[in-house]
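A.B. asks: This structure is in structure tokens; I'll ask about it shortly.
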Amino acid sequence: MQHYWFNKQNNKKLIIFFCGWSFDYNPFKFLDCGDYDVITLYDYASLDFNIDFSKYEQIHLIGWSMGVFIASYLKDKLPELTSAVAVCGTAIPVDDELGIPHKSFELSLIHAEKGLQGKFTRNVFVEDDLLARYEKTPVERSIENRVNELVKLDELIKSYKFEFSPFYTKALVGINDKIIPSKNQLNFWHKYNVPVVELDSGHFPFYNYKSWEEILLCK
């Protein structure tokens, strides 16, 4: 796992952002950090990380897409959280009713390299203006690196047995999500009684926000 500090100014409050599959820090640099230190974790080909969070008085977590699952999977290795917000994802990554449908995931795995060259990105951003904005600050990782991450995630998911425990305090669901069906996201969060805010967005709602704090407040 890799990490990147958006802000590290010895603030008392920290936001840990678990990024989605195939992404990195670059598309998120526009978000204002305010009086938070903010770190993103990404590239889940390995789940090892060694970061000292002990100095912070408040620690908030935001998980996006596959990062929702990874953060939940690693919850026992994380510090005590003040809040945890899930964005366009679930803690069961591949499921016909509660996550990405099995067939869709298998097709993504088979065609990962080709998908990353066009269709996947198009489905993430949906609208032309959002895609054009992304293309000004795109992911900096190689396609080979991102495909390898998905292969490793597939191995992890197939060996994973989900056991629910309270973790997320709120979930944001994009009603036009073309990556993880909105219906499945709603099914998951309603099943486990997690409050939901529905967003008029696709899978990448971040351009609707100016700061990380706005996401925490679930506006």
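Read-outs throughout are calculated quantities, based only on the coordinates presented, and are distinct from any laboratory measurement. Only a predicted model underlies this, so the values are computations on that prediction, with no experimental measurement involved. Cβ: placed from backbone, ideal geometry, glycine included. Neighbour counts: every protein chain shown.
A.B. asks: Could you list all residues from the range 139-150 that are over 16 Å from the mean Cα position of the chain (by Cα) and either in contact (Cβ under 8 Å) with a residue 60 or more places away in the chain or part of a loop (DSSP other than H, G, I, E, B) (or both)?
C.D. replies: Glu140, Arg141, Ser142, Asn145, Asn148
A.B. asks: Looking only at the range 81-97, which residues are out of contact with any strand residue (DSSP E or B) (no Cβ under 7 Å at 6 or more places or on another chain) and surrounded by fewer than 23 Cβ atoms within 10 Å (Cβ to Cβ)?
C.D. replies: To start, the set of residues in the range 81-97 that are out of contact with any strand residue (DSSP E or B) (no Cβ under 7 Å at 6 or more places or on another chain) comprises 90-92, 95-97.
Selection gives Ile92, Asp95, Asp96, Glu97.
A.B. asks: Could you please find all residues in the range 113-138 being polar (S, T, N, Q) and within 17 Å of the chain's Cα centre (by Cα)? Explain how you work it out, then say what you get.
C.D. replies: Of the range 113-138, the ones polar (S, T, N, Q) are 117, 121, 123, 137.
The answer is Thr121, Asn123.
A.B. asks: While we're here: Can you name every one of the strands (runs of 3 or more DSSP E) wholly within the range 1-106 that holds 3 or more residues which are under 13 Å from the mean Cα position of the chain (by Cα) and within 27 Å of Pro181 (Cα to Cα)? Steps first, please.
C.D. replies: On the way: elements: 2-7, 13-18, 36-42, 58-64, 83-87.
Of the strands (runs of 3 or more DSSP E) lying wholly inside the range 1-106, those with at least 3 residues that are under 13 Å from the mean Cα position of the chain (by Cα) and within 27 Å of Pro181 (Cα to Cα) span 13-18, 36-42, 58-64, 83-87.
A.B. asks: Which members of the range 35-79 meet the condition of being over 13 Å from Met1 (Cβ atoms), touching a residue at least 24 places away in the same chain (Cβ under 8 Å) and surrounded by fewer than 21 Cβ atoms within 10 Å (Cβ to Cβ)?
C.D. replies: So in the range 35-79, the residues over 13 Å from Met1 (Cβ atoms) come out as 35-38, 52-65, 68-69, 72, 75-76, 79.
Those still in the list that are touching a residue at least 24 places away in the same chain (Cβ under 8 Å) too: 35-38, 53-65, 68-69, 72, 75, 79.
Selection gives Asp35, Phe53, Ser54, Lys55, Tyr56, Glu57, Gln58, Ile59, Lys75, Pro79.
A.B. asks: Moving on. Could you please let me know if Ser46 is on the phi < 0 side of the Ramachandran plot and of a type in the set (S, T, N, Q)? Give the steps one after another, and end with the answer.
C.D. replies: Numbers: on the phi < 0 side of the Ramachandran plot: yes; of a type in the set (S, T, N, Q): yes.
Spelling it out, Ser46 is indeed on the phi < 0 side of the Ramachandran plot and of a type in the set (S, T, N, Q).
A.B. asks: Within the range 151-197, can you find the residues that are surrounded by 13 or more Cβ atoms within 10 Å (Cβ to Cβ), in a loop (DSSP other than H, G, I, E, B) and of a type in the set (A, V, I, L, M, F, W, C)?
C.D. replies: Selection gives Phe162, Phe167, Ile175, Ile179, Ile180, Val194.
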